[in-house]
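K.L.:
I'd like to ask you about the structure that follows.
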Amino acid sequence: MPTIGVAIAIPEPWATELQDYRTSVGDTTATQIPTHITLVPPTEVPDPELGAVTSHLTKAAATVSPFDIHLRGTGTFRPVSPVVFVTLAEGISGCEVLAGAVRQGPLEVDLRFPYHPHVTIAHHLDDQALDRAFAELADFECRFGVDAFSLYVHDADAGWQVTDHYELG
């Protein structure tokens, strides 16, 4: 059964910068995870339902207007979860509206934690590496417009691969 995810891709040059940073602190999963803001976490979807999912995503995208994101500074989910991330200074409500639109119908999923849009930069590392990531990217900042999101499918060898893009509005 395919595992899918729905996310906003971080544009270049920041996507590569953040992915390379994530690798540099020892997060070996980074090479298979494009830099993103999650809308729907990894979810198994039976093959026959993928058509309904793509149709739903097309409709959901049409209901949400483009918005801006301003990434600035770092945050963490510790001690609940060993994650350090880049925070959203602007665009949280846009992400929440979009996530709410896509997490309906065939993608209505129960979340393990409340939705908090972010860009992961270190995950499942020791405290020293997490502290390093938190400190070293504290001054990170970028701005970009969001006019689309993507459907990703997990491949055991290649990692997360984009299969479709959905234009907002």
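K.L.:
Could you tell me which numbered condition PRO79 fails, if it satisfies all but one of (1) touching a residue at least 12 places away in the same chain (Cβ under 8 Å); (2) within 17 Å of ALA133 (Cβ to Cβ); (3) not aliphatic (A, V, I, L, M)?
P.N.:
The one condition PRO79 does not meet is (1).
K.L.:
Scan (1) farther than 24 Å from GLU96 by Cβ; (2) not in a loop (DSSP other than H, G, I, E, B) for the single condition SER150 breaks and write down its number.
P.N.:
Here SER150 clears every test but (1).
K.L.:
Could you say which residue among PRO82, PRO2 is more than 15 Å from the chain's Cα centre (by Cα), surrounded by 13 or more Cβ atoms within 10 Å (Cβ to Cβ) and more than 21 Å from HIS123 (Cα to Cα)?
P.N.:
PRO2
K.L.:
Has segment 109-132 got at least one residue that is farther than 22 Å from GLU44 by Cα, part of a helix (DSSP H, G or I), in contact with a strand residue (DSSP E or B) (Cβ under 8 Å, 6 or more places away or on another chain) and without any contact (Cβ under 8 Å) to a residue 60 or more places away in the chain?
P.N.:
Yes, some residue in segment 109-132 is farther than 22 Å from GLU44 by Cα, part of a helix (DSSP H, G or I), in contact with a strand residue (DSSP E or B) (Cβ under 8 Å, 6 or more places away or on another chain) and without any contact (Cβ under 8 Å) to a residue 60 or more places away in the chain.
K.L.:
Shifting gears a bit: Go through segment 145-160 and give me each residue that's loosely packed, with under 14 Cβ neighbours inside 10 Å and over 21 Å from PHE67 (Cα atoms).
P.N.:
Within segment 145-160, ASP155, ALA156, ASP157, ALA158 qualify.
K.L.:
For segment 99-141, give me the residue count where each residue is surrounded by 17 or more Cβ atoms within 10 Å (Cβ to Cβ), within 27 Å of ASP68 (Cβ to Cβ) and hydrophobic (A, V, I, L, M, F, W, C).
P.N.:
Number of matching residues: 11.
K.L.:
Counting just the residues of segment 6-53 that are under 16 Å from SER150 (Cα atoms) and without any contact (Cβ under 8 Å) to a residue 24 or more places away in the chain, which one comes out surrounded by the most Cβ atoms within 10 Å (Cβ to Cβ)?
P.N.:
ALA15
K.L.:
Could you look through segment 77-108, keep only residues that are part of a loop (DSSP other than H, G, I, E, B) and touching a His at 6+ places or on another chain (Cβ under 7 Å), and pick out the one that is modelled with the lowest pLDDT?
P.N.:
It comes out as PRO82.
K.L.:
Provide a single number: the residues in segment 30-76 that are basic (Lys, Arg) and assigned to a helix (DSSP H, G or I).
P.N.:
1
K.L.:
Can you tell me which of (1) farther than 13 Å from HIS116 by Cβ; (2) surrounded by 13 or more Cβ atoms within 10 Å (Cβ to Cβ); (3) out of contact with any Cys (no Cβ under 9 Å at 6 or more places or on another chain) is the one ILE69 doesn't meet?
P.N.:
Going through (1) farther than 13 Å from HIS116 by Cβ; (2) surrounded by 13 or more Cβ atoms within 10 Å (Cβ to Cβ); (3) out of contact with any Cys (no Cβ under 9 Å at 6 or more places or on another chain) one by one, ILE69 breaks only (3).
The values are calculated or read from the model by the stated rules, or taken from the named source; none is laboratory data. Small disclaimer: the values here were computed from a predicted structure and weren't measured. All Cβ positions, glycine included, derive from the backbone under ideal geometry; neighbour counts span all protein chains shown.
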